[in-house]
Amino acid sequence: MQKSIIALALAGLAGTAVAADLRVGLNPAYEPFESKTATGEIVGFDVDIANALCEQIKRKCVFVESEWDSIIPGLQAKKYDVIISSMSITPERARVVDFTQRYYKTPSAIVVKKSTKYDGPASLKGMKIGVLKGSTQEKWALGELKPAGVNVVPYQSQNQVYLDLKAGRLDGTVADKVEVNGGFLRKPEGQDYGYVGHDQYEPKYYGDGIGIAVRKGQGDLKKQLDEAIVTIRGNGTYDKIAKKYFDFDPYGK
């Protein structure tokens, strides 16, 4: 009788056990996708999407901060299980990590003073353009701006780029249009700046949208996350999250 009671008690505990944590690597300096509040809380579109996906796969998201240029090595070193941090799906990255299907796709652009007369990269010759180190925007700037004589300056954080723009140490940046709008242009220090040139979608630099990175060999986890992305796109959760941050569908075409 006692054995039966113990067995039932253990079964009940198993049924209410907390799901295993999913450690999510991110770089919280990329508003509105991920940033920190004054109290240190990590918030943003990527954070809400991560939590929605964790709910679908019965896991609990635990967020782990990383510098951007070391975020993939951190994943490979098992400091976290996935990267959900606005990472573009590119062939170079796909050689060392696996990606889910995309969960959003937005363009990047050059941002400089509104008074700048722009008719191509050569118009910015001699200027200092700040970019996030290790980003697809850095790759674009090195491929398209540097050959035209533009000084491309890498930074550990996009927030540091904005601080140096404000201080006059930079002339502009190349950034995701949604991020730079919320993180800089809509703030007082960005009122004299604007976009120039075309919307940047070139696959050789930007890949095919933004996906979740997992370690090689984690096929089951990748499959679960792929299915969860489809689910939240279909049940209205994705749209509800997107409307908190954007006035358009960031999933893209």
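A few notes on this one:
- Residue match in the stretch 211-218 (condition: in the same structural domain as residue 46 (by TED's automatic domain parsing) and loosely packed, with under 15 Cβ neighbours inside 10 Å): yes
- Set 199, 226, 208, 119: member being closer than 27 Å to residue 84 by Cβ and part of a loop (DSSP other than H, G, I, E, B): 208
- Residues that are surrounded by fewer than 19 Cβ atoms within 10 Å (Cβ to Cβ), touching a residue at least 12 places away in the same chain (Cβ under 8 Å) and among the aliphatic types (A, V, I, L, M), drawn from the stretch 133-152: 148
- Scan of the stretch 17-62 for residues that are outside any loop (DSSP other than H, G, I, E, B) and either without any contact (Cβ under 8 Å) to a residue 40 or more places away in the chain or among the polar types (S, T, N, Q) (or both), ordered by number: 35, 36, 42, 43, 47, 50, 51, 54, 55, 56
- The set of residues in the stretch 72-128 that are touching a residue at least 12 places away in the same chain (Cβ under 8 Å) and of a type in the set (D, E, K, R) comprises 78, 79, 81, 93, 98, 102, 105, 113, 114, 125, 128.
- Filter pass, residue 86 being hydroxyl-bearing (Ser, Thr, Tyr), crowded, with 16+ Cβ neighbours inside 10 Å, in a strand (DSSP E or B) and modelled with pLDDT of 95 or more: yes
- If the condition is being surrounded by fewer than 17 Cβ atoms within 10 Å (Cβ to Cβ), under 20 Å from the mean Cα position of the chain (by Cα) and touching a residue at least 12 places away in the same chain (Cβ under 8 Å), then the stretch 231-244 contributes 233, 244.
- Test result for residue 186, surrounded by fewer than 22 Cβ atoms within 10 Å (Cβ to Cβ), outside the structural domain of residue 117 (by TED's automatic domain parsing) and under 20 Å from the mean Cα position of the chain (by Cα): no
- None of 159, 181 is free of Cβ contacts under 8 Å to residues at least 12 places away in the same chain and outside the structural domain of residue 68 (by TED's automatic domain parsing) except 181.
The values are calculated or read from the model by the stated rules, or taken from the named source; none is laboratory data. Small disclaimer: the values here were computed from a predicted structure and weren't measured. Ideal geometry is used to build each Cβ from the backbone, glycine not excepted, and the neighbour counts take in all protein chains shown.
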